[in-house]
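Data first, discussion second: the structure below is written as structure tokens.
The values are calculated or read from the model by the stated rules, or taken from the named source; none is laboratory data. Computed from a prediction, not measured in an experiment: that's the story for all the values here. Cβ coordinates were reconstructed from backbone atoms using ideal geometry, including for glycine residues, and neighbour counts include every protein chain displayed.
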Amino acid sequence: MQVNTSTLRNGLKILTVERPETETVSLGVWVNTGSAFETQDINGISHFVEHMVFKGTKKRNSLQISEDIENVGGQTNAYTSREFTVFYAKMLKNDIELATDVLSDLVMAPTFDMTEMTKEKDVVIQEIKQTYDDPSDIVFDYFQNTAFQNQPVGMSILGSEEKVRSFNDESLRQYMHHNYAADNIIVAAVGHLNHEAFVKMVEERMADLQPKSDFIRAKQIYTGGNFVENREIEQAHVLIGFPSVSYHSEQYYHASIMSTILGGSMSSRLFQEIREKRGLVYSVYSFSNAHLQSGLFGVYAGLNAEEIRQYIPVVSDELKKICQDKVSDKELNRVKVQLKASILMALESSSSTAEVIARQRLIHGRVIPTNEIVERIENVTKEDIRSIAQQIFTQKPTYTLLGNLKEYPSYDELQKYLHI
């Protein structure tokens, strides 16, 4: 995969992958900002900015933004995470300049009209309430907040109703001024395009973007702890977590492979032992989420509340086993193939490829060649798996439960079960 890179005079990086055999182009603006870059008094503003830029710019109102894209059969959307905000589109090859114009307009010239803002606050507050009403969703917010207490990386991406109500046009402009700068943004496009022509399109529209961001990146320090919410629902939701590795760790793929062995598929240890063999849960899986400075490993289960006391010792035993027993060659090879396949399959999609190259450039300062990633996966050994498991699972746990809870192991009991 040949990645073309250009840098504008303001420092804005533009990446492309030319695929002349295709009929479409996927493109977007990736901003290295999100809820982990907020302070408590503006929690939720990254997500609210993402919503508000679609409510109108100096050139287009909200309807025109949608119609300009949809009238030519294109698609556009955006999302906010803890460390990234992304605006993206997919168009037919002849409409790349229109898509570039719309996306740059969103970033460069939002109006933040107060009438539109009042309406959009109600929309976002409905989203907050909907998330709270979905126990399988809100439990992950509780989990993150418990793992990183009193820190931006632990705060909700959506914020609270009170905070959203407090935002105004000035607070949004100030946030964008501090965070939306050329050194903090990647523009990427993949598909049927010409690199030089695309660079010119971006330069004509984003050359005036300020060069330097000036936000202060808060430290990310895992705390761990216990959170329980009783709620009259049919199923209980249980999360057990530990500090894991950051994007920059040499053990990044060690943790990914270990997590996949434990609970990344239907052939994984947790699924086979806890669901298939014992029938204790409806859903069980593990994950290793990396952040820029930290990481969080977790095991999630959805089950009947009455089964929690049986479930905790079993899942604890599986975590201890992978710390003490060598992984089999069969397991390790199967998971390596799964990871390599998922990476290579994703790169067949222009949208996924644009996402990969933009995020890698923001996180690592370079696009990592696919063969280098494959080599790093291949080089992971059974001893690496045992080592990363011991490193993670001997740390203080995060224990989060939500449901109609009558009896379950306490935090102290969990720690005794997990003692390695």
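Between a first residue in segment 202-221 that is more than 21 Å from residue 8 (Cβ to Cβ) and a second residue that is of a type in the set (A, V, I, L, M, F, W, C) and in a loop (DSSP other than H, G, I, E, B), which pairs have beta carbons less than 8 Å apart while being 6 or more apart in sequence or on different chains?
217/292; 220/148; 220/292; 221/148
Identify the residue in segment 312-346 that is loosely packed, with under 15 Cβ neighbours inside 10 Å and among the acidic types (Asp, Glu) and, among all such residues, is farthest from residue 1 (Cα to Cα).
Selected residue: 317.
Scan segment 372-412 for residues that are out of contact with any Lys or Arg (no Cβ under 9 Å at 6 or more places or on another chain), farther than 21 Å from residue 261 by Cβ and surrounded by fewer than 18 Cβ atoms within 10 Å (Cβ to Cβ) and report the count.
6
Output the number of residues of segment 100-117 satisfying the condition of being part of a helix (DSSP H, G or I) and farther than 14 Å from residue 59 by Cβ. Break it down stepwise before answering.
Quick first cut of segment 100-117, residues part of a helix (DSSP H, G or I) only: 100-108, 114-117.
Next cut, farther than 14 Å from residue 59 by Cβ only: 114-117.
Within segment 100-117, residues that are part of a helix (DSSP H, G or I) and farther than 14 Å from residue 59 by Cβ number 4.
Regarding residue 368, is this residue crowded, with 19+ Cβ neighbours inside 10 Å and either modelled with pLDDT under 95 or among the aliphatic types (A, V, I, L, M) (or both)? Break it down into steps so the answer makes sense when it comes.
Details: crowded, with 19+ Cβ neighbours inside 10 Å: no; either modelled with pLDDT under 95 or among the aliphatic types (A, V, I, L, M) (or both): yes.
Answer is no for this residue.
Of all strands (runs of 3 or more DSSP E) completely enclosed by segment 1-87, which ones contain at least 3 residues that are assigned by TED's automatic domain parsing to the domain that holds residue 110 and buried (at least 21 other Cβ atoms within 10 Å of the Cβ)? Spell out the reasoning first.
Values: elements: 4-7, 13-18, 24-31, 75-80.
Result: 13-18, 24-31.
Of (1) touching a strand residue (DSSP E or B) at 6+ places or on another chain (Cβ under 7 Å); (2) over 18 Å from residue 96 (Cβ atoms), residue 195 satisfies all except one. Which?
Every listed condition holds for residue 195 apart from (2).
Looking at residue 348, is it under 30 Å from residue 87 (Cβ atoms) and acidic (Asp, Glu)?
On the way: under 30 Å from residue 87 (Cβ atoms): yes; acidic (Asp, Glu): yes.
In short, yes.
Can you say whether residue 303 is touching a Ser or Thr at 6+ places or on another chain (Cβ under 6 Å), in the same structural domain as residue 378 (by TED's automatic domain parsing) and crowded, with 21+ Cβ neighbours inside 10 Å, as far as the supplied structure shows?
Working: touching a Ser or Thr at 6+ places or on another chain (Cβ under 6 Å): no; in the same structural domain as residue 378 (by TED's automatic domain parsing): yes; crowded, with 21+ Cβ neighbours inside 10 Å: yes.
Considered against the rule, which asks whether it is touching a Ser or Thr at 6+ places or on another chain (Cβ under 6 Å), in the same structural domain as residue 378 (by TED's automatic domain parsing) and crowded, with 21+ Cβ neighbours inside 10 Å, residue 303 comes out as no.
Against the definition (of a type in the set (S, T, N, Q), in a loop (DSSP other than H, G, I, E, B) and in the same structural domain as residue 355 (by TED's automatic domain parsing)), how does residue 256 come out, yes or no? It would help to see each step written out before you state the result.
On the way: of a type in the set (S, T, N, Q): yes; in a loop (DSSP other than H, G, I, E, B): no; in the same structural domain as residue 355 (by TED's automatic domain parsing): yes.
For residue 256, the condition - of a type in the set (S, T, N, Q), in a loop (DSSP other than H, G, I, E, B) and in the same structural domain as residue 355 (by TED's automatic domain parsing) - is not met.
For segment 268-367, which fully contained helices (runs of 4 or more DSSP H) count at least 2 residues that are more than 27 Å from the chain's Cα centre (by Cα) and of a type in the set (A, V, I, L, M)?
Numbers: elements: 308-324, 329-346, 350-364.
Per the criteria, 308-324.
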